[in-house]
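Data first, discussion second: the structure below is written as structure tokens.
The values are calculated or read from the model by the stated rules, or taken from the named source; none is laboratory data. Computed from a predicted model, the values in this text were never measured in an experiment. Here the Cβ positions follow ideal geometry from the backbone for every residue, glycine too, while neighbour counts run over all protein chains shown.
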Amino acid sequence: MGRLLSRAPRTRPGRVRSARTIALAYLPLALLTGLVVRMLADLPWVPLLPGLTGVWRDIACDLPAVLVAAAAILSVTRPATRPSRAGRGDGRRPRIDDQRARLANFDPLTGLPNRVLLVDRLSQALKRSQRDKRPFTILQIDLDNFKVVNETLGHTVGDAVLVEVTRRLSACVRKTDTVARLGSDEFVIVQTDPNSDEPSDVVARRVLDAFSRPIHVDRRELFVSASIGLAVAPVDGDDPQSLLQNSSAALSLARAAGSNSYRFFTADLNVKAQQRLEIETHLRHALEREELGLVYQPVLDLPSNRMIGCEALLRWNSPALGLVPPDRFIPIAEDTGLIVPIGAWVLRQACMEARRWLDQGWDLCVAVNMSPRQLRHAGLIDDVCHALSESGLPPDRLEVEVTETFLIEDPVRTAGVLRLLNERGIRLSIDDFGTGYSSLSYLKRFPFQTLKIDRSFVRDALLDPSDRALVKAIIALGKGLNLRVVAEGVETSGQLDFLRNQGCDVAQGFHYSRPLAPTQAIDFAARYAARVPPAPAGLVPLRHARSA
């Protein structure tokens with residue numbers, strides 16, 4: 001019997017089974033034993049032994065229960081002969097904990113401290129700074145136009161660029177400093193060496209110099225520039241969050257100054273940051289509250305002195321903030337993405353107004369500025385087509401203006417968008433020519449019909465020989481390429497005479513008129529605009545266009 005029990009299933013080491021589990025495990029053995037006893041009791045010679053028959057049958061009935069109970073007792077009290085699972089796993093547990101801690105505190109791509117660990121190290125640095133009475137500096141670094149790399153070459157190439165950026169940043173600092181990855185293409189350097197008197201701007205210049213060399217990825221040569229914002233603790237913040245917030249404000253100032261630059265945080269930046277937040281908050285509701293409006297800058301043909309159209313300009317009159325200048329709220333709308341719905345609204349309103357001009361008999365077109373974010377928006381072509389169909393405006397009465405700086409950001413996608421607009425009969429204009437990365441290839445590769453001279457050249461053309469030479473060259477270039485040349489910002493009769501003598505086609509500016517409300521634009525057209533020719537076949541009046 002002991003041998004049979006020793007063959008029964010055993011519990012795993014370090015684990016005590018329940019009574020039900022033990023009973024089920026030993027029940028087959030007990031039933032087999034009871035069956036054998038019953039067979040013995042039925043043998044012919046057993047009745048010859050008086051009194052044994054009942055005993056055998058009692059044993060056969062009770063033996064399964066007795067064996068199960070005994071097996072349970074033996075199983076519970078049997079000492080463990082193998083090491084426990086916990087004992088076997090003791091070697092792996094520290095490694096698992098280390099991996100979890102690393103994932104929680106370090107960026108998996110670059111191996112740099114992430115935001116969580118950065119905040120902890122900033123807290124420690126602030127405590128040491130207060131104890132030793134020595135300030136320290138943090139540098140917040142943002143890669144300029146890095147999203148273009150991801151969008152055009154893919155995230156694999158983008159990740160390779162980030163790894164190389166990490167290597168270069170680490171080479172710019174001391175071993176005691178911290179380099180952390182704050183976000184997608186944002187990094188932070190914490191200069192925590194209390195014994196170093198090296199100025200912070202030296203490190204910033206070193207970082208910018210490190211990005212001057214090309215990055216080679218998959219046989220590609222890529223150039224990445226950076227903008228840097230600096231904040232000094234504890235003057236610019238006595239806690240990690242305020243330090244990061246203020247260095248971010250300085251970073252925004254560096255971005256506005258142009259790529260590959262750095263700026264320090266100043267007290268007035270905090271005021272500007274609060275003002276920006278207030279503008280953004282109210283701007284998010286400006287469209288639904290009908291606080292936005294359009295004014296129209298007349299555009300005149302110089303040879304005939306006739307008004308040929310208007311440029312639509314956006315204005316915002318906020319009940320809380322008053323009249324907010326466009327250079328204050330349009331960059332915020334661009335950064336936040338609000339420019340997409342606002343731009344679609346501008347497009348619809350301008351097309352409606354131009355159609356009203358046509359219905360009142362004036363031969364005018366309307367020009368609308370397109371921001372880079374609008375041109376990258378996947379629904380741009382649909383927005384333009386919807387505005388034209390809703391208003392009934394002929395496509396050749398709409399002109400889309402594109403700034404020169406946008407053309408270099410994503411030339412392949414830009415060429416595709418401009419081609420689609422041109423195929424629909426919409427006129428295209430390159431705005432602010434000469435202020436960005438001017439290239440004659442833009443005028444050849446993109447289907448422009450109009451070239452606009454920036455107002456900064458026109459303003460000083462009579463005073464600065466360089467500006468005068470540039471204006472002459474741009475006009476000659478436009479004429480040679482069969483483009484209509486428009487001069488912006490004409491304010492004096494002397495400027496106007498100079499432009500006429502150089503053969504400029506079109507002008508706009510305060511010399512003719514300031515931007516006008518829609519009703520004022522009609523009054524101006526009555527004095528300067530030509531009457532519209534007879535309507536071509538298929539041109540639907542505005543009152544029917546909406547129901548068509």
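I'm trying to understand the selection: among the residues of region 290-312, which are in contact with a helix residue (DSSP H, G or I) (Cβ under 7 Å, 6 or more places away or on another chain) and surrounded by 18 or more Cβ atoms within 10 Å (Cβ to Cβ)?
Within region 290-312, L292, L294, Y296, P298, L300, L302, M307, C310, A312 meet the criteria.
Looking at this structure, is L118 surrounded by 18 or more Cβ atoms within 10 Å (Cβ to Cβ) and over 15 Å from L169 (Cβ atoms)?
no
Give R128, R100, R82 a once-over and let me know the one that is part of a loop (DSSP other than H, G, I, E, B) and either surrounded by fewer than 16 Cβ atoms within 10 Å (Cβ to Cβ) or at pLDDT 65 or above (or both).
Among R128, R100, R82, only R82 is part of a loop (DSSP other than H, G, I, E, B) and either surrounded by fewer than 16 Cβ atoms within 10 Å (Cβ to Cβ) or at pLDDT 65 or above (or both).
Within region 313-333, can you find the residues that are part of a strand (DSSP E or B), surrounded by 13 or more Cβ atoms within 10 Å (Cβ to Cβ) and out of contact with any Pro (no Cβ under 9 Å at 6 or more places or on another chain)?
S318, V324, listed by residue number.
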